[in-house]
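The values are calculated or read from the model by the stated rules, or taken from the named source; none is laboratory data. Note that the coordinates shown come from a computational prediction; the quantities given were computed from them, not determined experimentally. Backbone-built Cβ (ideal geometry, glycine too); neighbour counts: all protein chains shown. What goes into the accessible areas is simple: the full protein's heavy atoms, side chains included, and nothing from ligands, DNA or RNA. Shrake-Rupley method; radii C 1.70, N 1.55, O 1.52, S 1.80 Å.
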Amino acid sequence: MAVHVVIAGENLWAISTRYGVSIQTIVELNGLPSASSIVPGLALYLPDILPPLRYYQIKAGDHIWQLAQQFRVEASVILAANPGINPNMLVIGQIINVPTPIRLSLETLGFLVPSSESANLATINSLANQLTFLAIVAYSFTEEGYAFNVSEDEALVARSNQLKIIPLLMVRNLAGNDFSAELAGRVLENPTYRGNLVASLVNLTRQRGFGGVSIDFEFIPPARRNDFNLFLTELKRSLDGLILQVNVHAKTADIPTNRIIGAYDYASIGNVADIVAVMTMDYGYPGGPPDPIAPIPWLEQVIQYSVTQINSRKLQIAVALYGYDKVVGTNATQAFSVLAAQNKAISLPENIEFDITARAPWFRYWQGNEEHVVWFEDIRSFIEKYRLIDMYQLAGTTFWQISLPAPQNWAYLSKNINVVKRIV
């Protein structure tokens, strides 16, 4: 598919004529509010018949003819996709584009917070071919380590299994609606409470038909770093073949005393878990200044550190399906889906800018005397993230969260990526 960025004076009729794609298709594929409103800077995703584009980083000993065989294309096709490249002087670390019929294969995990059962089931049905795992965000635990479900999820688990999506019981250290460092610390430091948590998670996982457990413990006290490793080791052993997926905050270096990232021993977690997902989002965090959700240079630094600690074939990175609207000066933050962010720019209307360094879209608007800046993701930033997954040969990606509409992302996934299905 092609990406077209709207320029001043364009309308959908002209774009439709240029690409030979119906206006209705453009509207549906991009979730536009109508066929009459677009704004400069809007990135549109359009169908085409070109093969998927893969991204490859040159390694020692690589030759164009060998890469052509690997990707089942003619060497001339690779050369045409990389103007100026010298086939006799490939540079180690150089990134090249490879049009190929061989799709990128990866595992995807969608997070889902149960809400309206009918709406949740409709979401799962619509994404049946695009998810390997579904992490159902519905569990916490008591101060004595007994896991319990916060919301009902029986229908979601059953439907996931029917659709060959592996459901994972996702547990968080929540006290009320907030992550609790105290709750995590109290349970992890106590061998009895830790054992209670392991036993209750395993029992719930098996009784309720899950294929494994997804751990999302945040703000773990750094002093509990080794205890967290012990907990994961005990849990993996007790799961007896079921999947253990662990979510960790993003970092570019190990700082064991840091209150946010200190408890995550990437190497130890990577040795124990089947899958480790680094939460590569919220670089621009709620309450902080207006910043990109996941700027590409930062994300790549996180990946580069992570692969020194965790086997790349176990490693997932996160893709955010949301944006943040922040009031400049106060940093008051409102979150909404990437589609809602895009369509807000259209409805205002405001031009959408694209930060060439962060590789991310944003726009500014005024509400009375308040200046608002909105950072979000679109097809361009999604492609950049899949490019990094391909380059670093990662296991795949997670999506927070799939109830948030993101039609461009799912269209790209369907066209370009082979989503791997597992059997537990």
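Annotations for the structure displayed:
- The range 299-320 residues that are open to solvent by 30 Å² or more (accessible area, probe 1.4 Å), paired with ones that are among the β-branched types (Val, Ile, Thr) and in a strand (DSSP E or B) (beta carbon under 8 Å, 6 or more apart): Lys314/Ile275; Lys314/Val276
- Residue match in the range 220-232 (condition: assigned to a loop (DSSP other than H, G, I, E, B), open to solvent by less than 10 Å² (accessible area, probe 1.4 Å) and farther than 21 Å from Val319 by Cβ): yes
- Residue match in the range 163-171 (condition: surrounded by fewer than 18 Cβ atoms within 10 Å (Cβ to Cβ) and modelled with pLDDT of 95 or more): yes
- Selected residue (only one of Ala184, Ala155, Ala253 is in a helix (DSSP H, G or I), surrounded by fewer than 18 Cβ atoms within 10 Å (Cβ to Cβ) and of a type in the set (Gly, Ala, Ser)): Ala155
- Flag if Ile402 is open to solvent by less than 40 Å² (accessible area, probe 1.4 Å) and under 15 Å from the mean Cα position of the chain (by Cα): yes
- Some residue of the range 323-331 being among the small types (Gly, Ala, Ser), part of a strand (DSSP E or B) and either buried (at least 22 other Cβ atoms within 10 Å of the Cβ) or in contact with a Cys (Cβ under 6 Å, 6 or more places away or on another chain) (or both): yes
- Looking across the range 23-44 at every residue that is under 30 Å from the mean Cα position of the chain (by Cα) and either of a type in the set (Ser, Thr, Tyr) or open to solvent by 50 Å² or more (accessible area, probe 1.4 Å) (or both), the one that is modelled with the lowest pLDDT is identified as Ser37.
- Count of residues meeting criterion [within 30 Å of Asn369 (Cα to Cα) and in a loop (DSSP other than H, G, I, E, B)] in the range 280-322: 16
- Among (1) over 21 Å from Thr192 (Cα atoms); (2) outside any loop (DSSP other than H, G, I, E, B); (3) in contact with a helix residue (DSSP H, G or I) (Cβ under 9 Å, 6 or more places away or on another chain), the one test that Ser238 misses: (1)
- Selected residue [under 29 Å from the mean Cα position of the chain (by Cα) and open to solvent by less than 80 Å² (accessible area, probe 1.4 Å)] from Pro101, Pro52: Pro52
- Within this structure, Leu109 passes the test of being crowded, with 18+ Cβ neighbours inside 10 Å and touching a residue at least 12 places away in the same chain (Cβ under 8 Å).
- Sole residue being at pLDDT 95 or above, touching a strand residue (DSSP E or B) at 6+ places or on another chain (Cβ under 9 Å) and surrounded by fewer than 19 Cβ atoms within 10 Å (Cβ to Cβ), chosen from Ala341, Ala335: Ala335
- Scanning the range 1-28 for residues that are in contact (Cβ under 8 Å) with a residue 12 or more places away in the chain, β-branched (Val, Ile, Thr), part of a helix (DSSP H, G or I) and over 21 Å from Pro349 (Cα atoms) returns a single hit, Thr25.
- Filter result (surrounded by fewer than 17 Cβ atoms within 10 Å (Cβ to Cβ) and either part of a loop (DSSP other than H, G, I, E, B) or on the phi > 0 side of the Ramachandran plot (or both)) within the range 172-181: Gly176, Asn177
- The residue that is surrounded by the fewest Cβ atoms within 10 Å (Cβ to Cβ), among those in the range 120-131 that are farther than 17 Å from Tyr322 by Cβ and not polar (S, T, N, Q), is Ala122.
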